[in-house]
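Taking it in order: structure first as structure tokens, then the write-up.
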Amino acid sequence: MTNANNSTSENTSRTYRNDPVFEVEYDFKHEYPNGDTLPSIWITEPLIDDDGVYQGRTYAMIYPYDEAVLPFTGHKDEDGNDALYYGGRYYDEAMSYTSSQDYEKRVDCFRAAELLYRHSAGRGNAVANLCLGYVYSYDRCSGRYWVNPMTHETEEDYKRPYPREERAFECYLEAAEADICEACYKLGDMYKHGMGCDQNAKEAFRWYVRASELAEHERPVILGSVALRLADCYEDGIGCTQDFERASEWYKKAVVGLEIAVENGEVWYEKALAGARAGKKRCLQELGQ
């Protein structure tokens, strides 16, 4: 572990720690059944003082802890839930950085999340594959993804384009085959747009239908998101026979689910909600209602 760079500001008398967002530990190598070989990762966390002022970062722990340099706690995280949790913390932290001056910190948080999600996926955690799908499909790391120097033998390996969309497709597929609703409709999106796979409207529609079957016990926003996709398919005949009546029914469900999300503060769904309302109106006009 790199020594922390500590400094004290004369003007504020605050101690500032300049530890990195994360650090890999190559002395510990972990090989997983899915073929991934990963190093341990030092997890750091932001320091916030009593006044709510950011004071840098400090080392918190190393993952995995079963072969770490810290005292072994006896916890092996066999199901990968801990790695998923810490990956999620990094992902959420990254999303909180919206200023251009925090760009590097944002990307590094996403890079740490990717590595932790891969540890979790290697332990068979299907939700981690869903999370990785988001990391790759939205290019969260801006092309700076984990390339393993422990398994790449030549310099040419580092020059090859990173198959980001293909990896997103593979991750969504793994999670969808484990019946994770959100992964099913995201996989449908990949097929619909031909991202990481050949464009296939029928497969897109099939996975949207599967997502709708799993959405009954999901949060309203998940059902709303699935319903909007199925409504679009029925309205335009994407992978199915055009049917304005069914499209109208699905648009109504989409509006209900997305309205709840927006009312609960998830304002990023406002555009989808507007689309659902407009689609509902179009279909009613087609039906003469």
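The values are calculated or read from the model by the stated rules, or taken from the named source; none is laboratory data. Model, not experiment: these values are computed from the prediction. With ideal geometry, Cβ positions are generated from the backbone for all residues, glycine too; neighbour counts draw on all protein chains shown.
Descriptive notes on the structure:
- Criterion: outside any helix (DSSP H, G or I) and either of a type in the set (Ser, Thr, Tyr) or buried (at least 20 other Cβ atoms within 10 Å of the Cβ) (or both) - qualifying residue of GLY188, GLY239: GLY239
- Of ARG246, ARG210, all but one fail to be surrounded by 17 or more Cβ atoms within 10 Å (Cβ to Cβ), in a helix (DSSP H, G or I) and in contact (Cβ under 8 Å) with a residue 24 or more places away in the chain; the exception is ARG210.
- For region 185-226, a residue qualifies if it is of a type in the set (Asp, Glu), over 20 Å from the mean Cα position of the chain (by Cα) and modelled with pLDDT under 95, and exactly one does: GLU216.
- Residue check for SER248: of a type outside the set (Phe, Trp, Tyr) and more than 25 Å from the chain's Cα centre (by Cα): yes
- Residue list for region 116-140, filter: surrounded by fewer than 22 Cβ atoms within 10 Å (Cβ to Cβ) and among the aliphatic types (A, V, I, L, M): ALA126, VAL127
- Hits in region 270-289 - residues which are modelled with pLDDT under 95 and either touching an Asp or Glu at 6+ places or on another chain (Cβ under 7 Å) or within 30 Å of SER96 (Cβ to Cβ) (or both): LEU287
- Out of ARG111, ARG89, ARG106, ARG123, sole residue that is at pLDDT 95 or above, farther than 30 Å from GLU266 by Cα and not β-branched (Val, Ile, Thr): ARG123
- Restricting GLU177, GLU170, GLU155 to those that are farther than 21 Å from ALA215 by Cβ and modelled with pLDDT of 95 or more reduces the list to GLU170.
- Tally of residues being farther than 18 Å from GLY279 by Cα and of a type in the set (Val, Ile, Thr) across region 199-221: 1
- Yes/no for GLY56 being out of contact with any helix residue (DSSP H, G or I) (no Cβ under 8 Å at 6 or more places or on another chain), assigned to a loop (DSSP other than H, G, I, E, B) and not hydrophobic (A, V, I, L, M, F, W, C): no
- Yes/no for GLY279 being buried (at least 17 other Cβ atoms within 10 Å of the Cβ) and either touching a Pro at 6+ places or on another chain (Cβ under 6 Å) or in a loop (DSSP other than H, G, I, E, B) (or both): no
- The lone exception for ASP189 - which of (1) within 20 Å of LYS281 (Cβ to Cβ); (2) touching a residue at least 40 places away in the same chain (Cβ under 8 Å) it fails: (1)
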